[in-house]
Amino acid sequence: MKLDNKALLLYAITDRTWLKEKTLPEAVEEAILGGATFIQLREKNLGYEEFLKIAGEVKAVTDKYNIPFVINDNVDVATSIDADGAHIGQSDEEIKTAREKLGFNKIIGLSAVTVEEAIKAEQSGADYIGVGAVFNTSTKLDADTVPFETLKEICDAVSIPVVAIGGISKDNVLELTGTGIAGISVVSAIFAQDNIRNATSELLKLIKQIIK
């Protein structure tokens, strides 16, 4: 799948710990119906087989709506279920290895917190960069906050799209105006909400005020 920059507008990252009565596939479908344009499956504590099963269930939903779907960190799971790609961190599999496993028609995203890391990611063949945390976040307690000026410098330094991540909510998203991002990536702002569809729809309206 060739990456369309518009697909990164509202990038939803799953977190089952926030869900109440809904299954993860149901929650993902609600997010898509609310306007999520990209889905990442993030599972840190699952064995391979269970991860594979959940990934397949979520992919059935994203395929139904033709929404890009990537796996966080686990390139082997992404390859096994023929996901649209994977998102890897600076300490995860090197992008060259990930590309060899996934193929050149798949999407690879890389996390970065500095201009140097972002430039290296682009040179290594990443399709997009996730930068954060741009606000304090409860989802990743060890994440340092990236200043807005650094976010803007990263956006200016690379030609591939940049997605802001970390602590973004309906209350602060408009503060990212003028940074040059292609979209926002959120977890709890969607999946921790009682009405996932409405929360997603509200976020989409706000991010569209920044990115035309």
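Rg/Rh, computed from the Cα trace of the stretch 113-212 with Rh as the Kirkwood radius, has the value 0.97.
With the helix formula -39500 (n - 2.57) applied to DSSP H stretches of n ≥ 4, the chain reaches a computed 222 nm mean residue ellipticity of -11500 deg cm²/dmol. Annotation for the stretch 84-156: chymotrypsin sites (Phe, Trp or Tyr not before Pro) lying in DSSP loop with at most 13 further Cβ atoms inside 10 Å of their Cβ are 104.
Sorting 162-169, 150-157 by average packing, meaning the other beta carbons within 10 Å per residue, from highest down gives 162-169, 150-157. How big is the chain by the Kirkwood estimate over distinct Cα pairs, in Å? One decimal place: 16.9 Å for the Kirkwood radius.
Given their separation in residues at 0.36 nm each and the Cα-Cα distance between them, residue 6 and residue 50 gain 12.7 nm when the chain is fully extended. Site pair residue 175 and residue 208 shows an inter-label distance of 2.5 nm when each label is modelled 7 Å from Cα along Cα→Cβ. A simple spin-label model places the labels of residue 145 and residue 104 4.3 nm from each other, with each point 7 Å out along Cα-to-Cβ.
Compared with the alpha-carbon gap, the fully stretched path from residue 63 to residue 22 is longer by 12.8 nm at 0.36 nm per residue.
All of the numbers you see were taken from the coordinates with simple rules; none came from a lab. These numbers were taken from a predicted model, which means no experiment stands behind them. All Cβ positions, even for glycine, are placed from backbone atoms using ideal geometry, and neighbour counts span all protein chains on display.
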